[in-house]
Ligand code: BMA
């Protein structure tokens, strides 16, 4: 199907209803609604939407739709407000990624605290009451999600610490925990490339990885520094099903970028930022929900098999990316990328 705003060869098709949620749809006056997490909930689509108030601080609101496209109801009885007296959430909560394990939704979100942005966890079954489980990664760290399975009895968390030294790049990391409290064994999962690459210098996880027959499908964003500001685009990678520290494929091209007017204009222009995606009952249609220009919530769909075919036909696998520990092998330096 032709993209409503672009080239029919694109893999993602933007919804003709975009933006599907805007600040105007909210009962109270807010600045922007964007970067939602998403789950299937009681047979409907539930978005946990970042709502930025006119104070500048964010909270997470619940919007529910029967078809996942329109008819969104803002559920005022549900959602998550920041604990303003807590040093971890003093300046708000942002960008939730939701992972269902058993009957519990684990929400990994950015707590904007006095020490900077950090990775926090809260669990819920109903999106009404939330059990805060504390800080998983100290500042500055964001763009995190839990994997939905234990691997050899351990939880796996993908996250993106800020580099201690400027110029070394911001990379995607993987850390492990036996109990969701104590985290360690941290290592770089995917390097930001260098030089002219579309994903040079700064990358971060998008939605939680999606389980497929070929492995865990990863969507990640890149932040390209341009003369007119940051440009956010999306690429794909695949992790080994049994050992997610192994990157078995990584695409060489970006697959989705800001193109539509509502992605090009807004509070932060040229940003597409997905925090959640779902597979439809047909087993192939991927519904990706994303923030557009830090202003609105949008939807784009793709065929899962097309995404995997694309990864297979656009490999970027220099020595090192497909090895067992997912870091460059001796002789391969990040500067080669
Ligand atoms: C990132 C996050 C996102 C935001 C993006 C673009 O660092 O803070 O919430 O959408 O920047 O401004």
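Any chance you could count how many residues in segment 106-132 are away from the ligand (no atom under 14 Å from the Cβ) and within 21 Å of residue 207 (Cα to Cα)?
12
Tell me whether segment 63-81 contains one or more residues that are surrounded by fewer than 22 Cβ atoms within 10 Å (Cβ to Cβ) and touching a residue at least 60 places away in the same chain (Cβ under 8 Å).
yes
Mind counting the residues in segment 82-99 that are outside any loop (DSSP other than H, G, I, E, B) and surrounded by fewer than 14 Cβ atoms within 10 Å (Cβ to Cβ)? Show your work before the answer.
Our first condition is that a residue be outside any loop (DSSP other than H, G, I, E, B); within segment 82-99, this holds for 92-99.
Within this subset, residues satisfying the condition of being surrounded by fewer than 14 Cβ atoms within 10 Å (Cβ to Cβ) are none.
Adding up the residues that qualify gives 0.
Give segment 155-165 a look and list any residue that's over 17 Å from residue 211 (Cβ atoms), over 14 Å from the mean Cα position of the chain (by Cα) and either more than 16 Å from the ligand (Cβ to nearest atom) or in a strand (DSSP E or B) (or both), or say none. Spell out how you get there, then give the answer.
Looking only at segment 155-165, we keep the residues that are over 17 Å from residue 211 (Cβ atoms), and these are 159-165.
Keeping just the survivors that are over 14 Å from the mean Cα position of the chain (by Cα) gives 161-165.
The answer is 161, 164, 165.
Give the residue, chosen from 56, 77, that is more than 19 Å from the chain's Cα centre (by Cα), more than 21 Å from residue 208 (Cα to Cα) and within 15 Å of the ligand (Cβ to nearest atom).
On the way: 77 fails: within 15 Å of the ligand (Cβ to nearest atom).
Result of the check over 56, 77: 56.
Can you name the residue in segment 261-278 that is more than 9 Å from residue 292 (Cα to Cα) and outside any strand (DSSP E or B) and, of all such residues, is farthest from the ligand (Cβ to nearest atom)?
That would be 261.
I'd like to check something: does segment 167-176 contain any residue that is surrounded by fewer than 17 Cβ atoms within 10 Å (Cβ to Cβ), part of a loop (DSSP other than H, G, I, E, B) and modelled with pLDDT under 95?
Taking every residue of segment 167-176 in turn, at least one turns out to be surrounded by fewer than 17 Cβ atoms within 10 Å (Cβ to Cβ), part of a loop (DSSP other than H, G, I, E, B) and modelled with pLDDT under 95.
Looking only at residues in segment 229-260 that are over 19 Å from residue 171 (Cβ atoms) and not in a loop (DSSP other than H, G, I, E, B), which one is nearest to the ligand (Cβ to nearest atom)?
229
Just give me the residues in segment 100-143 being in contact (Cβ under 8 Å) with a residue 60 or more places away in the chain and surrounded by fewer than 20 Cβ atoms within 10 Å (Cβ to Cβ), in sequence order.
100, the sole residue that qualifies.
Exactly one of (1) in contact with a strand residue (DSSP E or B) (Cβ under 9 Å, 6 or more places away or on another chain); (2) under 22 Å from residue 266 (Cβ atoms); (3) loosely packed, with under 14 Cβ neighbours inside 10 Å is unmet by residue 22. Its number?
(3)
Sort through 250, 264, 233 and tell me the only one that's touching a residue at least 12 places away in the same chain (Cβ under 8 Å), more than 30 Å from residue 177 (Cα to Cα) and touching a strand residue (DSSP E or B) at 6+ places or on another chain (Cβ under 7 Å).
Numbers: 250 fails: more than 30 Å from residue 177 (Cα to Cα); 264 fails: touching a strand residue (DSSP E or B) at 6+ places or on another chain (Cβ under 7 Å).
On inspection, the qualifying residue turns out to be 233.
Of the residues that make up segment 102-121, is at least one outside any strand (DSSP E or B) and touching a strand residue (DSSP E or B) at 6+ places or on another chain (Cβ under 9 Å)? Before you say what the answer is, go through the steps one by one.
Just the residues of segment 102-121 that are outside any strand (DSSP E or B), to begin with: 102-103, 114-115.
This time we only want the ones that are touching a strand residue (DSSP E or B) at 6+ places or on another chain (Cβ under 9 Å), so: none.
Scanning segment 102-121 turns up no residue that is outside any strand (DSSP E or B) and touching a strand residue (DSSP E or B) at 6+ places or on another chain (Cβ under 9 Å).
Would you call residue 33 touching a residue at least 40 places away in the same chain (Cβ under 8 Å), within 20 Å of residue 131 (Cα to Cα), under 20 Å from the mean Cα position of the chain (by Cα) and surrounded by 14 or more Cβ atoms within 10 Å (Cβ to Cβ)? Explain how you work it out, then say what you get.
On the way: touching a residue at least 40 places away in the same chain (Cβ under 8 Å): yes; within 20 Å of residue 131 (Cα to Cα): no; under 20 Å from the mean Cα position of the chain (by Cα): yes; surrounded by 14 or more Cβ atoms within 10 Å (Cβ to Cβ): yes.
Taking the combined requirement at face value, the residue does not satisfy it.
Which ones in segment 133-146 are within 15 Å of residue 90 (Cα to Cα) and either away from the ligand (no atom under 16 Å from the Cβ) or in contact with a helix residue (DSSP H, G or I) (Cβ under 7 Å, 6 or more places away or on another chain) (or both)?
Listed by number, the residues that qualify are 134, 135, 138.
The values are calculated or read from the model by the stated rules, or taken from the named source; none is laboratory data. These numbers come from a predicted model, not from an experiment. Neighbour counts are summed over all protein chains in view; Cβ atoms, including those assigned to glycine, are modelled from backbone coordinates with ideal geometry.
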